[in-house]
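The values are calculated or read from the model by the stated rules, or taken from the named source; none is laboratory data. Nothing here was measured: the structure is a model prediction, and the numbers come from that model. For neighbour counting, all protein chains shown are included, and Cβ atoms are generated from backbone atoms with ideal geometry for every residue, glycine included. All accessible areas refer to the heavy atoms of the entire protein, side chains included, with ligands and DNA or RNA removed. Shrake-Rupley method; radii C 1.70, N 1.55, O 1.52, S 1.80 Å.
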Amino acid sequence: MIDLKDEFPLDRELIYLNHAAVGVWPKRTSDAVKAFADENMRQGATHYPQWMKVERELRGRLKWLVNAASVDDIALLKNTSEGLSLVAYGLDWQSGDNVVSTDQEFPSNRIVWESLKSKGVELRLADISGDDPEGSMLDLVDENTRLLTVSSVQFGTGLKMDLARLGRVCRERGIFFCVDAIQSLGALQFDVQAIHADAVVADAHKWLLGPEGLALFYISPAWRQRLKLHQYGWHMVERLGDFDASQWSPATSARRFEAGSPNMLGIHALNATLSLFQEIGMDEIETALLQRSELLMATIEHDDQLELLTPSLDGRYGGIVTFKCCQMDDAGHADLYRNLMASGVICAHRAGGIRFSPHFYSDTSQFEKLWQIVQKTTRL
Ligand SMILES: Cc1ncc(COP(=O)(O)O)c(C=O)c1O
């Protein structure tokens, strides 16, 4: 039986509701990083084969996390933006092609597609504030649509997309389906095969409770060899470690996207966190997190001074709960955000309101104090 208080010895004066920005490390992750630092100081890379074992273990755990068919479908990259760029610049665009996305994406999943304008590629952004966000996206699809890209959960409103529906249409019409999953992985169950994803990318520093600078990149077997490569180095070749070979070819696995030395420090950290997720199970984690989101949403919905920006319909939310105070303008929300932070409520000012993002381990007995602070500020 895992004692979450042992795994998350977070300072008691903090109410940490910012996993949609940067998460908290479990104790075992902090321990793994300290041990790795100590080993580097005392023994350098004497035991490098053991580090490679940890790397292989991590790939196996990531395969489990997203239900990939094989570890060969998974590459370890620097961040989400790098993965999206690999896809955007790996495809062979024709002038007149278009990309369909939404008007709620984080800049990482917009800027890279905008950058294709010089190749004659049009970016079409659907307004997804209505009742049928997927329908609004699909309305923009035509015979020139080459790729559809979307966040699994929107970073501002917390709207959860129906990825299976989008993936099904993309598969039927031969459209590349690209998912920025950083607001889901580690929070919600995820299945790349069930949603027919061609590429899925997410850095580890949010719900995955790992470090910044290490990302999972899933690429479907159908597309792995078809994406053009733009980064080269010793680590992306088929015969890894054969330093004397004068001939080389890119790895047939997704390692072909990993040009050089791996982020071993990050790998040790994320592997430790994922061992906890595996012990608990993503179904339990998701259930516990959604209960916390629901608790927060219920309080907001019962307060006529507050307006919930996150859809509370079943299946439409994940771990993000964003709200506004009806009487407040943006400057007021900036003040409320500063007050909350000064009182130890770690949150974010997003989508013109306040964004709370608890995780499965969050102590719900702290929530009452949270609302006292909100009420004090909003009723001043
Ligand atoms: C939806 C989404 N995508 C991507 C990122 C971050 O991208 P990267 O991993 O490249 O820093 C964020 C961070 O807030 C995000 O919310």
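Under the condition of being open to solvent by 10 Å² or more (accessible area, probe 1.4 Å) and within 14 Å of the ligand (Cβ to nearest atom), which residue from the range 206-222 is farthest from residue 280 (Cα to Cα)?
213
I'm trying to understand the selection: among the residues of the range 176-205, which are more than 14 Å from the ligand (Cβ to nearest atom), open to solvent by less than 10 Å² (accessible area, probe 1.4 Å) and among the β-branched types (Val, Ile, Thr)?
192
Being open to solvent by less than 10 Å² (accessible area, probe 1.4 Å), within 16 Å of the ligand (Cβ to nearest atom) and either more than 17 Å from residue 317 (Cβ to Cβ) or not polar (S, T, N, Q) (or both) is the filter here; which residues of the range 138-155 pass it?
Within the range 138-155, 148, 149, 150, 153 meet the criteria.
From the residues in the range 77-129 that are assigned to a helix (DSSP H, G or I), among the small types (Gly, Ala, Ser) and open to solvent by less than 80 Å² (accessible area, probe 1.4 Å), which one is nearest to residue 153 (Cα to Cα)?
For the range 77-129, the residue satisfying everything is 108.
Could you tell me whether residue 290 is touching a helix residue (DSSP H, G or I) at 6+ places or on another chain (Cβ under 7 Å), under 28 Å from residue 210 (Cβ atoms) and either open to solvent by 70 Å² or more (accessible area, probe 1.4 Å) or part of a helix (DSSP H, G or I) (or both)?
no
Can residue 115 be described as farther than 19 Å from residue 170 by Cβ and away from the ligand (no atom under 16 Å from the Cβ)?
No; evaluated as a whole, the condition is false for this residue.
Could we say that residue 22 is open to solvent by less than 80 Å² (accessible area, probe 1.4 Å), under 26 Å from residue 160 (Cα atoms), within 16 Å of the ligand (Cβ to nearest atom) and outside any helix (DSSP H, G or I) here?
Answer is yes for this residue.
Restricting to the range 321-354, what's the tally of residues that are over 15 Å from residue 378 (Cα atoms) and either polar (S, T, N, Q) or touching a Cys at 6+ places or on another chain (Cβ under 6 Å) (or both)?
1
From the list 42, 59, 12, 28, pick out the single residue that is under 30 Å from residue 224 (Cα atoms) and of a type in the set (Lys, Arg).
None of the other options fit; the residue is 59.
Taking residue 165 as the residue in question, decide whether it is part of a helix (DSSP H, G or I), more than 16 Å from the ligand (Cβ to nearest atom) and within 22 Å of residue 290 (Cβ to Cβ).
Here the answer is yes, as residue 165 does meet what is asked.
For the condition of a type in the set (A, V, I, L, M) and in a loop (DSSP other than H, G, I, E, B), what is the one hit in 270, 229?
229
Could you check the range 253-267 and list, in sequence order, the residues that are within 23 Å of residue 40 (Cβ to Cβ) and assigned to a helix (DSSP H, G or I)?
Hits for the range 253-267 are 264, 265, 266, 267.
Out of everything in the range 43-62 that is more than 16 Å from the ligand (Cβ to nearest atom) and within 29 Å of residue 10 (Cα to Cα), what residue ends up being least open to solvent (accessible area, probe 1.4 Å)?
58
Could you tell me whether the range 293-307 includes any residue that is within 24 Å of residue 355 (Cα to Cα), small (Gly, Ala, Ser) and in a helix (DSSP H, G or I)?
yes
So the check is Cβ under 6 Å with 6+ separation or different chains; which pairs have a first residue in the range 164-187 that's touching a residue at least 60 places away in the same chain (Cβ under 8 Å) and a second one that's charged (D, E, K, R) and crowded, with 19+ Cβ neighbours inside 10 Å?
Here the result reads 176/198; 182/203; 182/206, each pair linking the range 164-187 to a residue that is charged (D, E, K, R) and crowded, with 19+ Cβ neighbours inside 10 Å.
Go through the range 63-76 and give me each residue that's buried (at least 17 other Cβ atoms within 10 Å of the Cβ) and not in a helix (DSSP H, G or I).
68, 74, 75, 76
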